[in-house]
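Okay, structure first, notes after.
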Amino acid sequence: MTYKFLLFDLDHTLLDFDSAENIALTQLLEEEGVEDIQAYKDYYVPMNKALWKDLEQKKIAKADLVNTRFSKLFSHFGIQKDGVYLAKRYQFFLSKQGQIFPGVENLLKTLIDEGYELYAATNGITFIQTGRIEQSGIAPFFKEIFISEQLHTQKPNTEFYEKIGALIPNFDKNDALMIGDSLSADIQGGNNAGIDTVWYNPYHLENNTQAQPTYEVHSYEDLLDCLEKV
């Protein structure tokens, strides 16, 4: 076994964020009396993704993202709303969602049985991520869960990985592997920090970025096979 420390991204890698987001948005918009919920979702989802990309590229601050995205959403439909209040309500609804992809528990159990140390390494809001991982039932598989808001830095910053390394006993980046779906956050972050990476790419997307994964897998079975061969 070449690697010892496996750093797992959560959303879109282990946690089904799309399902969680869809339910939480529905609950928020219903609470606000929105009639055409799908129209609001169709505008919100790409807008939100663009804001997170801006955050990764340090174009905006986390507080700006969190506190303005819902006021921007309603403003698009000609309605003025308190973005801070809506952010808190959305966080509440989202924190109750713990959907995982099929096969996640078996994957993590197998890796534990094979002697790997598992850590979660996620960008996000502490209240939301801690709630979701508790709801998911997979928290016991991880020795530690590292959340960007708690570390005051986020993927792909090298500092994110440096702080994680300082908190893991006997950590050696040469024995670590970052596993995630995002080229811009997980893979580029690993590249920046000098840590090997696995690009979890279940939809067979093209890599049109500068990020260079050490390995690419398309399923959890692929990941297990990959680890057996290195």
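Please verify whether Gly190 is of a type outside the set (Phe, Trp, Tyr), in a helix (DSSP H, G or I), in contact with an Asp or Glu (Cβ under 7 Å, 6 or more places away or on another chain) and assigned by TED's automatic domain parsing to the domain that holds Asp9, treating the condition exactly as stated.
Answer is yes for this residue.
With respect to Leu205, determine if the residue is over 20 Å from Lys155 (Cα atoms), at pLDDT 95 or above, assigned by TED's automatic domain parsing to the domain that holds Val104 and touching a strand residue (DSSP E or B) at 6+ places or on another chain (Cβ under 6 Å).
In short, no.
Quick check on this structure: which one of Phe160, Phe171 is surrounded by 16 or more Cβ atoms within 10 Å (Cβ to Cβ), of a type in the set (Phe, Trp, Tyr) and over 18 Å from Leu55 (Cβ atoms)?
Phe171
Would you be able to tell me the number of residues in the range 4-34 that are farther than 16 Å from Glu134 by Cα and of a type in the set (A, V, I, L, M)?
Residues in the range 4-34 being farther than 16 Å from Glu134 by Cα and of a type in the set (A, V, I, L, M): 8 in total.
Can you say whether Lys96 is under 27 Å from Cys226 (Cβ atoms), of a type in the set (Lys, Arg) and within 17 Å of the chain's Cα centre (by Cα), as far as the supplied structure shows?
So Lys96 fails the test.
Considering only residues of the range 147-156 that are touching a Ser or Thr at 6+ places or on another chain (Cβ under 9 Å) and surrounded by fewer than 20 Cβ atoms within 10 Å (Cβ to Cβ), which is nearest to Leu183 (Cα to Cα)?
If we take residues in the range 147-156 being touching a Ser or Thr at 6+ places or on another chain (Cβ under 9 Å) and surrounded by fewer than 20 Cβ atoms within 10 Å (Cβ to Cβ), then Glu149 is nearest to Leu183 (Cα to Cα).
The values are calculated or read from the model by the stated rules, or taken from the named source; none is laboratory data. These numbers come from a predicted model, not from an experiment. Note: ideal-geometry Cβ built from the backbone for every residue, glycine included; neighbour counts use all protein chains shown.
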